[in-house]
Amino acid sequence: MFLVWNLFLAGVPALAALAFVRAAEKRSPALVQAAWFALWLLFLPNAPYIVTDFMHLRPRPLVPLWYDVAILASCAGTGLLLAYSSLADVQSVMARKFSQHVGWLLAAAALVLSGFGIYLGRVLRWNSWDAVSSPLQLAADVADRALNPLAHPQTIGVTIVYGIALLLGYAAFRGSSPST
């Protein structure tokens, strides 16, 4: 059941990106566009987070392991595609507003931040909605890691490894699409 919930959460940034694109096309007020962008960025790590669910794989009676691998791989792939397609949508808007260079800088920053978001979720067990329900506690954890990075080597490791992996995957995704 956790996969159903994680797929739902992976869909949030896709919907927020769609709303951001529509708001930009309609030239909605900057505050409206910023709100959709913030919602997209806040929930973006949920989409690739599903890849980390492989850690839950265990042999189960009466269920072959290959079946669980197939289910998890399809959900992880769906999460990655939702992340990459929503990022491509947001990147396109930013490239039109500013430049291709700014669009790619945004993409790289969003993917590294997603790596950090994966760390926050998988290791510290924070969720995207905690930014609203427990903002002070979440901010304290984030600030501690930002101000004392050497005291938290796992934070650096998880963020960099997932950030680079996501960036490489996104570059392949963009390189394989007709309009990069």
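Tabulated data
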| item | result |
| --- | --- |
| Some residue of the stretch 46-56 being at pLDDT below 95, assigned to a loop (DSSP other than H, G, I, E, B) and more than 22 Å from Ala14 (Cβ to Cβ) | no |
| Residue match in the stretch 27-39 (condition: part of a loop (DSSP other than H, G, I, E, B) and touching a residue at least 24 places away in the same chain (Cβ under 8 Å)) | no |
| Residue within the stretch 10-17 that is farther than 29 Å from Ser74 by Cβ, of a type in the set (A, V, I, L, M, F, W, C) and open to solvent by less than 50 Å² (accessible area, probe 1.4 Å) present | no |
| Helices (runs of 4 or more DSSP H) within the stretch 104-180 that include 3 or more residues free of Cβ contacts under 8 Å to residues at least 40 places away in the same chain, open to solvent by less than 50 Å² (accessible area, probe 1.4 Å) and over 25 Å from Ala14 (Cβ atoms) | 135-147 |
| Number of positions in the stretch 16-30 that are of a type outside the set (Gly, Ala, Ser) and within 19 Å of Ala131 (Cα to Cα) | 0 |
| Selection within the stretch 48-100 - of a type outside the set (A, V, I, L, M), under 12 Å from the mean Cα position of the chain (by Cα) and buried (at least 19 other Cβ atoms within 10 Å of the Cβ) | Pro48, Tyr49, Gly79, Tyr84, Ser86 |
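The values are calculated or read from the model by the stated rules, or taken from the named source; none is laboratory data. Because the structure is a prediction, the values reported are computed rather than measured. All Cβ positions, even for glycine, are placed from backbone atoms using ideal geometry, and neighbour counts span all protein chains on display. Protein only, heavy atoms only, side chains kept; ligands, DNA and RNA dropped before computing areas. Shrake-Rupley method; radii C 1.70, N 1.55, O 1.52, S 1.80 Å.
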